[in-house]
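Asker: Below you'll find the structure I mean.
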Amino acid sequence: MTPDLECTHLTKRFGDTAAVDSVSFSVPPGSFFSILGPSGCGKTTIMRMIAGFLEPSEGDIQIKGKSVLSVAPNKRPVNMVFQHLALFPMMNIADNIGYGLRRAGLPKTEIDQKVGEALERIGLPGIGLRKVDELSGGQKQRVAIARCMVLEPDVLLLDEPLGALDLKLREHMKIELKSLQSAFDTTFVYITHDQSEALVMSDNIAVMNNGRFEQMGSARELYYRPDTAFVAGFVGDTNRWRGRISKKDGQNIELQTESGMMLRGATHGRPLALGEQADMFVRPEAIRIAHSKDDLAVFDNQISGQVTSLLFNGAASRVLVRGEGLQDEIEVNLPQSGEFASLNKGSDVHIGWSSDQGNCFAAGTV
Amino acid sequence: MRTESKLGLALLLTPLLLWLALLIFIPQVDVFLVSLRERIGVGQYQTSLANYLTFFNEPLYLWTFLRTAMMSIVATLITLLIAFPVSYYIAKMIKGRMQSALFLLCLVPFWVSELVRTFGWMILLRETGVFSNILQFVGLASGPVEMLYNDGAIMVGLVYTSMLFMVVPLVTTLESLPDEVVEAGYDLGGNGLSVLREIIVPHAMPGIVSGCIVVFMLSLGNYLTPTMLGGKESLWFTELIYSQFIVRFNWELGAAFGFLLLMLSSVIVWGMLKLTGQSLEKTMG
């Protein structure tokens, strides 16, 4: 099947710096593709090139198998939901949604009918005559999507559209966007710096840094098997230690940190040699906390120590643990099942994790 | 606390109220009262509408009145047509230092008095002026060309004098139009013309209307430019008022003219607001 969107060696240079550096990807029809990266990594530049507001320095963009490089933005079969939505404040909701249809020269009755259907689809029937500023943030969001979807684009681009919403609404809109995508059955390309938005909604995610894709894959792949240290650090929370590899046995290695901790981890196929500097990443949720050492017998990393801080945050509560005679603090997820409710600063605890959970990378600059 | 804040409000409002009362309200009322007087003998007056009747019975006065209004409207439209692209360029096409530099360039001419600026135009346009000499030098004219003392010269002067007052409100409103709204207009299939018509102009409407009101009032009430660039025969209404007050010493008729001018500008501004569906609060606020 021809992918809906395919970019090959897409490059954009501003002066000497490459904002986007030879990026290639393809998005199959009807899927939700996210580009995740910190601000300034070049993700907006990719988006603007696909929409046609920027011309690539090199490479090609194909939509449904046809190159669109020579097509003006107003003729491309892609539409964009802008960061601040960019609804037209001088028009009412129906005129906003009907704008593209009017431009396409459709008869008025057909426009009215399509606008009505679109409003029905986004669950806001009968608001056509309202003004833009009478809507709530979530409603505006849906109108912005409907305004694009009435044009039945091959690809819908979304440029961090949830950024301006408050947390609660953002959580809600994540689910809603995903269901709108399957309702309209259109290919969505979504860019964001918020990993949880990308993880929840996407079929495929590309993690971008410094103009390049670090890794492309499903949310699970990125989370469990990061390819690079950047991905390991950027997707999800993680503990991170740097040290020297003091022992190597196949995939399993031992890392001696500068402060003297001895950690066991795995290379997961990456070439790492004895004596090299390496970074190890362990997620707080991969570490088990226990009152007694016996509970941790299955783990090959075991540390006993004291709680130095309690970071209460409901379900995402953490504790910081400092090992006996060590300096580093280790961030550990705190289960909310009740057995650790009495934990306090200074309490003695034991923590452990399996070496398989310790992702090791050659020490880089990231 | 309540009485204190009331006192504070009263004190803050006093200068404004004094200004409004002493400089605008009282003089206008007085002008109106003077315009209703008719001199029937030395130092003897009676109340009548004679001055207004004189105005309506003398075709030259009426003609000058309408001509001034029409010329001012045309000057306002020309100013708008020139200022809009200039403002759009300053507000949207360029960024940073260049933007403030260009904006400043629009302002620079206003550091010189209007009189001096108008003399500048006279130097350019007169028979022995710069343009005339260039035309003769290039061979496009065989003798000296007089470009002063016609309606064209008046129009050039009026547009030039008013430009800043159109550019400032336009730049302000256009700057508040987010780039992504314009981009969305294109993204959804609009072309340059439809984006301009459906998005940019409606957004800039308050600025357009307030700029037009200011420029129209300035042109209508302008005395210097029509007199200097249009010469003695320029037939500008403010000149009639001036000559009634100063030359003829007929304050009663002059006051009637002045009051009619106020009525004219009020009616046209009201009509402009009605026509564009704007309100005074929206355009000035």
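The values are calculated or read from the model by the stated rules, or taken from the named source; none is laboratory data. Since we're looking at a predicted model, the values are computed, not measured. Reconstructed Cβ throughout: ideal geometry from the backbone, glycine too, with neighbour counts over all protein chains shown.
Asker: Quick check: anything in the stretch B:90-111 surrounded by fewer than 18 Cβ atoms within 10 Å (Cβ to Cβ) and farther than 30 Å from B:H203 by Cα?
Answerer: Yes, the stretch B:90-111 contains a residue that is surrounded by fewer than 18 Cβ atoms within 10 Å (Cβ to Cβ) and farther than 30 Å from B:H203 by Cα.
Asker: While we're on this one: Looking at the stretch A:52-67, I want the residues that are over 17 Å from A:N79 (Cα atoms) and have a partner that is acidic (D, E) and in a strand (DSSP E or B) with Cβ atoms under 9 Å, at least 6 apart or on another chain. Which pairs are those?
Answerer: Here the result reads A:D60/A:E6; A:G65/A:E6, each pair linking the stretch A:52-67 to a residue that is acidic (D, E) and in a strand (DSSP E or B).
Asker: Would you confirm whether or not the stretch A:72-89 contains a residue that is assigned by TED's automatic domain parsing to the domain that holds A:T192, surrounded by fewer than 18 Cβ atoms within 10 Å (Cβ to Cβ), free of Cβ contacts under 8 Å to residues at least 24 places away in the same chain and not in a loop (DSSP other than H, G, I, E, B)?
Answerer: Looking through the stretch A:72-89, at least one residue is assigned by TED's automatic domain parsing to the domain that holds A:T192, surrounded by fewer than 18 Cβ atoms within 10 Å (Cβ to Cβ), free of Cβ contacts under 8 Å to residues at least 24 places away in the same chain and not in a loop (DSSP other than H, G, I, E, B).
Asker: In this structure, is B:E146 free of Cβ contacts under 8 Å to residues at least 60 places away in the same chain, of a type in the set (D, E), surrounded by fewer than 20 Cβ atoms within 10 Å (Cβ to Cβ) and within 13 Å of chain A (Cβ to nearest Cβ)?
Answerer: So B:E146 fails the test.
Asker: What are the pairs with Cβ atoms under 6 angstrom where one residue, in the stretch A:271-290, is touching a residue at least 24 places away in the same chain (Cβ under 8 Å) and the other, located anywhere, is part of a loop (DSSP other than H, G, I, E, B) and among the β-branched types (V, I, T)? Sequence gap at least six, or different chains.
Answerer: Pairs that qualify, where the first residue is touching a residue at least 24 places away in the same chain (Cβ under 8 Å) and the partner is part of a loop (DSSP other than H, G, I, E, B) and among the β-branched types (V, I, T), are A:F281/A:T238; A:R283/A:T238.
Asker: Which of the residues spanning the stretch A:1-31 are farther than 26 Å from A:M201 by Cβ and either aliphatic (A, V, I, L, M) or assigned to a loop (DSSP other than H, G, I, E, B) (or both)?
Answerer: Matches in the stretch A:1-31: A:G15, A:D16, A:A18.
Asker: Shifting gears a bit: Is one or more of the residues making up the stretch A:2-15 exposed (fewer than 15 other Cβ atoms within 10 Å of the Cβ), touching a Ser or Thr at 6+ places or on another chain (Cβ under 7 Å) and among the acidic types (D, E)?
Answerer: For the stretch A:2-15, residues exposed (fewer than 15 other Cβ atoms within 10 Å of the Cβ), touching a Ser or Thr at 6+ places or on another chain (Cβ under 7 Å) and among the acidic types (D, E): absent.
Asker: OK, next. Restricting attention to the stretch B:31-79, report how many residues are within 29 Å of B:I213 (Cβ to Cβ) and in a helix (DSSP H, G or I).
Answerer: Number satisfying all stated conditions: 29.
Asker: From B:V195, B:V215, B:V201, B:V247, which residue is on the phi < 0 side of the Ramachandran plot, in contact (Cβ under 8 Å) with a residue 60 or more places away in the chain and β-branched (V, I, T)?
Answerer: B:V215
Asker: Something else: Against the condition closer than 21 Å to B:G185 by Cβ, acidic (D, E), within 14 Å of chain B (Cβ to nearest Cβ) and loosely packed, with under 15 Cβ neighbours inside 10 Å, how does A:D159 come out, does it pass?
Answerer: No, not satisfied.
Asker: Report, by residue number, each residue of the stretch A:142-163 that is over 15 Å from the mean Cα position of the chain (by Cα), farther than 16 Å from A:F33 by Cβ and assigned to a loop (DSSP other than H, G, I, E, B).
Answerer: Passing the criteria: A:V150, A:L151, A:E152.
Asker: Also, quick follow-up: Are there any pairs with C-beta distances below 9 angstrom linking a residue in the stretch A:95-106 that is without any contact (Cβ under 8 Å) to a residue 12 or more places away in the chain to a residue that is polar (S, T, N, Q) and in a helix (DSSP H, G or I), with the two at least 6 apart or on different chains, and if so which?
Answerer: Short answer, once both residue conditions are applied: A:R102/B:S194.
Asker: To continue, here is another question. Which ones in the stretch A:22-38 are surrounded by fewer than 24 Cβ atoms within 10 Å (Cβ to Cβ) and among the polar types (S, T, N, Q)?
Answerer: If the condition is that a residue be surrounded by fewer than 24 Cβ atoms within 10 Å (Cβ to Cβ) and among the polar types (S, T, N, Q), then A:S22, A:S24, A:S26, A:S31 are the ones that fit.
Asker: If the Cβ limit is 6 Å and pairs must be 6+ apart or interchain, which residue in the stretch A:294-319 that is not assigned by TED's automatic domain parsing to the domain that holds A:G346 pairs with which residue that is surrounded by fewer than 13 Cβ atoms within 10 Å (Cβ to Cβ) and among the polar types (S, T, N, Q)?
Answerer: Between residues of the stretch A:294-319 that are not assigned by TED's automatic domain parsing to the domain that holds A:G346 and residues that are surrounded by fewer than 13 Cβ atoms within 10 Å (Cβ to Cβ) and among the polar types (S, T, N, Q), there is no close pair.
Asker: Would you check which residues across the stretch B:184-228 are assigned to a helix (DSSP H, G or I) and in contact with a strand residue (DSSP E or B) (Cβ under 7 Å, 6 or more places away or on another chain) and list them?
Answerer: Across the stretch B:184-228, the qualifying residues are B:A184, B:D187.
Asker: Right, here's the next one. Are there any pairs, at least 6 apart or on different chains, whose C-beta atoms fall under 7 Å, with the first in the stretch B:73-102 and touching a residue at least 60 places away in the same chain (Cβ under 8 Å) and the second of a type in the set (F, W, Y) and part of a helix (DSSP H, G or I), and if so, which?
Answerer: Within 7 Å, the pairs are B:I73/B:F216; B:T76/B:F216; B:I90/B:F103.
Asker: Still on this structure: Read through the list (1) in a strand (DSSP E or B); (2) more than 13 Å from every other protein chain (Cβ to nearest Cβ), then give the number of the only condition that A:L177 fails.
Answerer: The single condition A:L177 does not satisfy is (1).
Asker: Of all residues being in contact with a strand residue (DSSP E or B) (Cβ under 9 Å, 6 or more places away or on another chain) and among the basic types (K, R) in the stretch A:51-94, which is nearest to the other protein chains (Cβ to nearest Cβ)? Just the residue, please.
Answerer: Within the stretch A:51-94, the match that is nearest to the other protein chains (Cβ to nearest Cβ) is A:R76.
Asker: Considering only residues that are more than 25 Å from A:L177 (Cα to Cα) and not in a strand (DSSP E or B), which ones fall in the stretch A:190-223?
Answerer: Passing the criteria: A:N210, A:G211.
Asker: Could you pull out the residue among B:G207, B:G211, B:G189 that is within 20 Å of A:A144 (Cα to Cα) and either in contact with a Cys (Cβ under 7 Å, 6 or more places away or on another chain) or crowded, with 20+ Cβ neighbours inside 10 Å (or both)?
Answerer: Just a single option satisfies the conditions, and that option is B:G189.
Asker: A further question follows. Based on this model, can you work out whether B:G231 counts as in contact (Cβ under 8 Å) with a residue 40 or more places away in the chain, in contact with a helix residue (DSSP H, G or I) (Cβ under 9 Å, 6 or more places away or on another chain), farther than 30 Å from B:F32 by Cβ and more than 14 Å from chain A (Cβ to nearest Cβ)?
Answerer: yes
Asker: If you don't mind, there's one more thing I want to ask. Go through the residues of the stretch B:241-255 one by one and say whether even a single one is surrounded by fewer than 20 Cβ atoms within 10 Å (Cβ to Cβ), within 14 Å of chain A (Cβ to nearest Cβ) and assigned to a helix (DSSP H, G or I).
Answerer: Looking through the stretch B:241-255, none of the residues is surrounded by fewer than 20 Cβ atoms within 10 Å (Cβ to Cβ), within 14 Å of chain A (Cβ to nearest Cβ) and assigned to a helix (DSSP H, G or I).
Asker: If only one of A:L274, A:L222, A:L255 is surrounded by 22 or more Cβ atoms within 10 Å (Cβ to Cβ) and over 18 Å from A:S34 (Cα atoms), which one is it?
Answerer: Going through A:L274, A:L222, A:L255 in turn, the sole match is A:L255.
Asker: Next question. Which count do you get for residues in the stretch A:236-251 that are in contact with a helix residue (DSSP H, G or I) (Cβ under 7 Å, 6 or more places away or on another chain) and β-branched (V, I, T)?
Answerer: Residues in the stretch A:236-251 being in contact with a helix residue (DSSP H, G or I) (Cβ under 7 Å, 6 or more places away or on another chain) and β-branched (V, I, T): 1 in total.
Asker: What number of residues in the stretch A:95-114 are surrounded by fewer than 22 Cβ atoms within 10 Å (Cβ to Cβ) and either within 14 Å of another protein chain (Cβ to nearest Cβ) or within 20 Å of A:A164 (Cβ to Cβ) (or both)?
Answerer: So the count comes out to 8.
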